[in-house]
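Novice: This is the structure I have questions about; it appears just below.
The values are calculated or read from the model by the stated rules, or taken from the named source; none is laboratory data. Small disclaimer: the values here were computed from a predicted structure and weren't measured. Neighbour counts are summed over all protein chains in view; Cβ atoms, including those assigned to glycine, are modelled from backbone coordinates with ideal geometry.
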Amino acid sequence: MVAGPNLVHQSMAVLDVQYRCVAKGAEEMVDISTAATATATATATAATVVVTPPGSPVFRPASELDMRESDAIPDVALEVNVLPFVPSIRSGSYTDIGPRRFMEDEHICIDDLSAHMGSLFKCPAPSAFYGVFDGHGGPDAAAFIRRHAIRFFFEDTGFPQSSQVDDVFLEGVENSVRKAYLVADLALADECTVSKSSGTTVLTALVLGRLLLVANAGDCRAVLCRKGEAVDMSQDHRPIHAAEHQRVLESGGYIDDGYLNGVLSVSRALGDWDLKLPPGTPSPLIAEPEFRQQLLTEDDEFLIIGCDGIWDVMSSQHAVSIVRKGLRRHDNPEQCARELVMEALRLNTFDNLTVIIICFTSEQQDSSPSHNRREAPVLRCCSLSTEALCNLRSWLDIDRGD
């Protein structure tokens, strides 16, 4: 093997085979990808190629270059691996009333938050915002939060402005989102068009650069798919959960047959002011969100956000498997959301259904080990003896009628 020769490229049509006889030692042949050529030029690194020793002629049709490994490729793969992961965000959603008489769910999907907010809004790129609002006691509370979500989360609560994610920025974002939940809850108390018995659970997801931040108050759930494995990004706030059970009792509430104060199946929600004590006093039902965060890598494929109608009848891993299979088949997050809803209906869910699928790659990628290493295609070549070359030339001449 010799490095640093002049590069000679050749091609071959499948139905019109061309050939050339090269005297061994007189010319050296190489065929590398455009990416390899660009990388070699940019780094001023000599390419490693296949060189024929002096002697007899050799026939090398380009279609046979895949029969021997090229040494130029590993260097290209190494250059690709050092590039930082940047999420490429796209989403799809689907809702269904299910077996209920009324639809009480609402949701919001913003794949490009910066563009949505305008030029004065400064945040890390890419940026996105999603929310699922699962109403109860009527649709009014969920509809109100959905209608005013941008104001609550980004305009009235001092959302921090920065192009970089660091500890100070992250703390500011969490404080702002927490404040948004509490301000929205108080707004429901003052809103005369919303019944005091109407409430909603709220789960929101922010993507800021590589940071994924999930905030949850209620029993909606966010599930991250990491190399095919389900990673829960939220905790269902139900009265039967140990930590929530203790908090409810300590705040003066009680649990009857799994229901908070014998009425509500969740222990955190916005609204429901007929169950809450006056503002500023401890209450068994709270609007305080819990946070989970994740620094996204190329192993993180997509996020599922769904209301409890999904999770009542299937596990997080079951949902991830359905969506992953769908993305590999048609690469359409909206269709995956519909398929997940259809599966919940098949399993006899008894609630409204809302699902959002957020993909972090431009297209669904194979998660095999070889793909994760981003290996480039292997190039191969072979040589024919002088006798084989002459025979092949004779056959081609006969086919052409020469």
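Novice: Test Ser119 against the stated conditions and say whether it is in contact (Cβ under 8 Å) with a residue 60 or more places away in the chain and within 26 Å of Leu296 (Cα to Cα).
Specialist: no
Condition check ((1) surrounded by 14 or more Cβ atoms within 10 Å (Cβ to Cβ); (2) at pLDDT below 60; (3) not assigned by TED's automatic domain parsing to the domain that holds Asp300) across all residues:
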site: Leu345; (1), (2), (3): yes, no, no
site: Pro377; (1), (2), (3): no, yes, yes
site: Cys381; (1), (2), (3): yes, yes, yes
site: Trp395; (1), (2), (3): no, no, yes
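Novice: Now for a separate question. List the residue pairs whose Cβ atoms are under 7 Å apart, where the first residue sits in the stretch 318-345 and is on the phi > 0 side of the Ramachandran plot, the second is crowded, with 16+ Cβ neighbours inside 10 Å and not in a helix (DSSP H, G or I), and the two are 6 or more positions apart or on different chains.
Specialist: Asp331/Gln364
Yes or no, residue by residue, for (1) surrounded by 18 or more Cβ atoms within 10 Å (Cβ to Cβ); (2) basic (Lys, Arg); (3) touching a strand residue (DSSP E or B) at 6+ places or on another chain (Cβ under 6 Å):
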{"residue": "Arg247", "(1), (2), (3)": "yes, yes, no"}
{"residue": "Gly258", "(1), (2), (3)": "no, no, no"}
{"residue": "Ala269", "(1), (2), (3)": "yes, no, yes"}
{"residue": "Lys276", "(1), (2), (3)": "yes, yes, no"}
